[in-house]
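Just below is one structure, and these are the notes that go with it.
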Amino acid sequence: ANLLQGLNSPDSAVQEKAIAETEQRLLEQGASREEEKESSTTVNRTLINTAGTARAEAVRADGFLAALEKDAKERAQRRRRNEQLADALKEQGNEAFRGGDFALAIQRYSEGLEKLRDKQELYTNRAQAYLKLHEYEKAISDCEWALKCNKNCLKAYFLMGKAHLALQHFSESRQCYERMLQIDPQKESLVKDCVNEARLEEKRVREEERAEREVQAGNVAASSIQELVQRISSPDQHILYYTGGIRLLAGVVSSCTGQTLFRTNNGFSILRNETVRGAFCAENKSPAEVELCVSLLLLWQAACAGNEENQRLLLAQPHVGAQLAELLCSGTAQLQREALALISLYSEHESGRRLLLRQDLSRWLQILMAFVKSNDARADSAMNILSDLTGEERFHAQCRAMFATGVLPLFTQLLVCARQVNLAALARGVGVLGSLCADVGLRAQLAQSRECWQACLQLLDGCPDASSPGYQQCVFAVLGLMMNLLLESNGTIQDFAVPISGRCLALLNHQDGRIVTRATGVLSRVLPASPSAVQEVVKGGLVKKMLKFLKAGGHLTSGYAIQTLSICTKSSRRAQEELLKWDKRFQLLLKLLESGDELTVGNAAFCLSQCLRLPGAAGSLLGSSVVPLLLRLAAGSAQRTSVQQNSAIALGRLCVAEPRHIHQLRQLNGLAILNSSMKYVHSS
C-alpha cells in the first residue's frame, strides 16, 4: 500500500524512490523463490536446461516494472493536468465570488473538486460561498473535508466556527476558535474578536429565549412594547404625540427582558419616522424638537444599558453616530447631558469602546475637551469618556488629523484662561493629553508647539487662588504633561529650557510633595537641553535642594535628584564645588553607590567622577570605603555597562588625583582593573 501511494505521488522524487524500492523487492522475492525451489527439490540427476526459463521470468519482471513505471508517470501527468484545471476553475470561482454570484462560485469550486478531490483551498472557498447563501451545514461539511486535507487549516476552523455560530451551536463555535489559537498563537487578536462575537450572539439568543418565556408566563406585557413602537412609527402625527410615546416606551424597556423585546419588536426602527428623524437631525431645534430628542436619548439609555447587542444596533442606525457629535456641540445643556450619558454607556466597557471607534471620532477630542468650560456634571462626564478612549490606539490615529488645527489651539486657550474654567476638569483634560503623548506622532506635534509651552508656563505662574486644590491638581497635571513632552528633543524645547527650569526651581519649595517630585523630574529632563539653564538653576541653589531630597530618601524623587545632579556636575564647575561643600567627604554619594537601583548607582558614580576633578576632592576620601565600592562596580558586579564605565572612570580619576589610594587598591588585587579603567578615563 505504501509503494502504491508513493507511485501515485505528484512528487517526482517520491515516485523515483518508490520505483527503486519496487524493483528491489521484486528482485528479492524472485531470488527467495529460487532458493526455496532449490532447498525443497529432491535429488534428481536428470539434466534440465533452465536457462530459457530464467530468461523468460526476467523478461516478465522487467515488463512488469516498465508497466508500473509507465503507469506512475501517466498518473503524475494526469495529476499535474488536473491541478492546472482545478486552479483555473478556482480562479473562476473566486471571480464569481468577488462579483457576488455565490451560486456560480460554488459550481466552479465543485467542478474543480471533480478534477482534484484533495485540494484544500477548493473546500474552504466553497464553504465560504455556502456561508454567504446561509447553507451552514454544507459549509461545515466542506470545512471538515478541508481539515482531512490539512489538519491545521486555520481558514477551515474559522469558517466552521462562523457556520456553527449561525446555527447557534455556541460550544462547537468556541471550540473551533480555540483550536485556531492552539495552531497559531499569533492569531490571538482575531480569535478574541471571534470569541466575543460568539459570546455576544449566545447572550442575545439567551435573552430572547428568556423574554419569550416571561411573555408566555405573563410576567411582561410584550404587546405594550409592540403597540408603543407601532404608535411611534405611525406617520402624520403631532410631534408631542411621538414624544409622549417615546417617554412611555422608555419606562417599560429598562429591564433586561424589556430591552430584548424592544429589539425584537424593531424598536430602533422608530427613526424611520420622518417627524422623529427630522427632529433628531435638525440643526436649529425648536423646544418641541429638543424635548423629543431628550426623550429619544433617555429611551436609548434604557434600551442599551449593559446590553451589547442593543448598543451595536443603535450605532448601526443611519445618522446616529454623526448626530451624537452634533448633539454634543448643540449648546443645549439638557441635550448635551443626555448625549454624554448615552456615550458613557459605551465608553465604560471594552466592547462599547470598540463600537464607538468604528465611528469617525476625529472631532471628539476637541468637542469633549471644550466641556472643561462647564461648571457642572457635564465636564466630569466628558473627561470620563476621554479617559476611557485614550487607551485605544485607534482613537490616537483618529485624533492625529484634527490635533494641530482643532485640539492644540483649544488646549492652549484653556490653559491660558485657567481661572475661567473648571479647574478639576482642566486637570483631568491635561492628564488625558499627557496619556495621548504615548503616541509618538501626537507627542512630537505638541512638543514642537511654542504656544503649548507658553500656555504651560503661564499656568505655572499661578492664579489668584493658587492654593486651591483645583489649581494644584492643574499644576500637577501640567508638570506630568511637560515630562512626557520632554522625551522629545527639538529647538523649541531648547528655547524654553531656561524659563521651564526657573518655574520648576521655584516649585521645589511647594508644600505638595507630589508637585515637588514632578518638578524635579522636569528638571532632570529639561536641563540637558541647555547649559544656560544649568547655570541659572545652580545659581539658584539647586545643588543644596537636590542633596536635601537625596537625604530624605523618597525613591522616585531621589532618582530624579541624582540624575539632575549628574547633569549639573557635568557642565558646571560651581555645581561640583557646591556638591563637595555640602556633601562632606561625599558621604551621601558613597551611600548611593550601595543602592540597589543601578540608575541611581550609575548617576552617583558619574557625579563623583566629575567632582574628583576638583583639588583636594580625592584626598577627602582617604580612609573611606570608596575604593572597594568602585572596584566592585568597575569589575562587573553591575549589569548595566554604563554603571561599570562610570565607576571605572571614577576609580581612575581617584587614583590619579590621589596616588595614596593605589595602596589600598593593591591590597584588594585591583591594579589590573585600574589599568583597564584608565582607557575610560582617557576617552572621557
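The values are calculated or read from the model by the stated rules, or taken from the named source; none is laboratory data. Note that the structure is predicted; figures quoted are calculated from it, not measured. FYI the Cβ positions are ideal-geometry reconstructions off the backbone, even for glycines, and counts take in every protein chain you see. Just the protein is used for accessible areas: all its heavy atoms, side chains included, with ligands, DNA and RNA removed. Shrake-Rupley method; radii C 1.70, N 1.55, O 1.52, S 1.80 Å.
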Next on the checklist: Could you derive backbone 3J(HN,Hα) for the stretch 85-96 from the dihedral phi with the Karplus parameters 6.51, -1.76 and 1.60 (θ = phi - 60°), listing whole Hz in sequence and x where the residue is Gly or Pro?
Outcome noted: 5, 5, 5, 5, 5, 4, 5, 5, x, 4, 5, 5
Checklist entry - Where Rh is the Kirkwood radius over the Cα pairs of the stretch 458-559, the temperature 25 °C and the viscosity 0.890 mPa s, what D in µm²/s does Stokes-Einstein return? => result 177 µm²/s
Next on the checklist: Placing +1 on the Cβ of each Lys and Arg and -1 on the Cβ of each Asp and Glu in the stretch 586-683, which of Q645, L614, V656 has its Cα farthest towards the positive end of the resulting dipole?
Outcome noted: V656
Checklist outcome for this item: The extension gain from E598 to K132, computed as 0.36 nm times the residue separation minus the Cα-Cα distance, is 161.7 nm
Checklist outcome for this item: XL table K115/K192; K192/K285; K148/K192; Cα-Cα > 31 Å flagged, in table order, is K115/K192; K192/K285
Item to check | Cα-centre dipole for the chain with unit charges at Cβ (Lys and Arg positive, Asp and Glu negative), debye to 20 | outcome: 2920 debye
Item to check | ³J(HN,Hα) computed for each position of the stretch 399-408 - Karplus, 6.51 cos²θ - 1.76 cosθ + 1.60, integer Hz, glycine/proline x | outcome: 6, 4, 5, 9, 5, 5, 8, x, 7, 4
Checklist entry - When you count, for each residue, the other Cβ atoms within 10 Å and take the mean per peptide, how do 536-545, 363-372 rank with the highest first? => result 363-372, 536-545
Item to check | Protection-proxy order for peptides 329-342, 491-504, 614-627, each taking the mean of Cβ atoms within 10 Å per residue, highest first | outcome: 491-504, 329-342, 614-627
Checklist entry - What ranking, highest mean first, results for peptides 250-262, 577-589, 119-131, 661-673 when packing means the other Cβ atoms within 10 Å averaged over each residue? => result 119-131, 250-262, 577-589, 661-673
Item to check | Reachable aspartates and glutamates from K551, criterion Cα separation under 12 angstrom, eight or more residues apart if same chain | outcome: D583
Checklist entry - So how do S467, S295, S387 rank on accessible area, 1.4 Å probe, biggest first, that is with the largest at the start? => result S467, S387, S295
Checklist entry - What whole number of Å gives the distance from the Cα centroid of the stretch 542-601 to the Cα centroid of the stretch 94-173? => result 69 Å
Checklist outcome for this item: Going residue by residue through the stretch 266-282, the Karplus relation 6.51 cos²θ - 1.76 cosθ + 1.60 with θ = phi - 60° gives ³J(HN,Hα) values, rounded to whole Hz and with x marking Gly or Pro, of 6, x, 6, 6, 5, 5, 6, 5, 4, 5, 5, 5, x, 5, 5, 9, 5
Next on the checklist: How would the stretch 586-683 be classified by its alpha-carbon gyration tensor: rounded, prolate or oblate, with rounded meaning a/c under 1.5 and the a/b versus b/c comparison settling the rest?
Outcome noted: rounded
Item to check | the stretch 222-327: Rg to Rh, with Rh as the Kirkwood radius over Cα pairs | outcome: 0.93
Checklist entry - Which entry in [x] 50, 31, 26; [y] 68, 55, 19; [z] 46, 33, 28 is this structure's computed semi-axes √(5λ) of the Cα gyration tensor in Å? => result [y]
Checklist entry - Just from its helices, what would the mean residue ellipticity at 222 nm be for the chain, if runs of 4 or more DSSP H residues each count -39500 (n - 2.57) and the sum is divided by every residue, rounded to the nearest 500 deg cm²/dmol? => result -24000 deg cm²/dmol
Item to check | Candidate lysines - alpha carbon under 29 Å from K544, same-chain residues fewer than 8 apart omitted | outcome: K570, K581, K584, K591
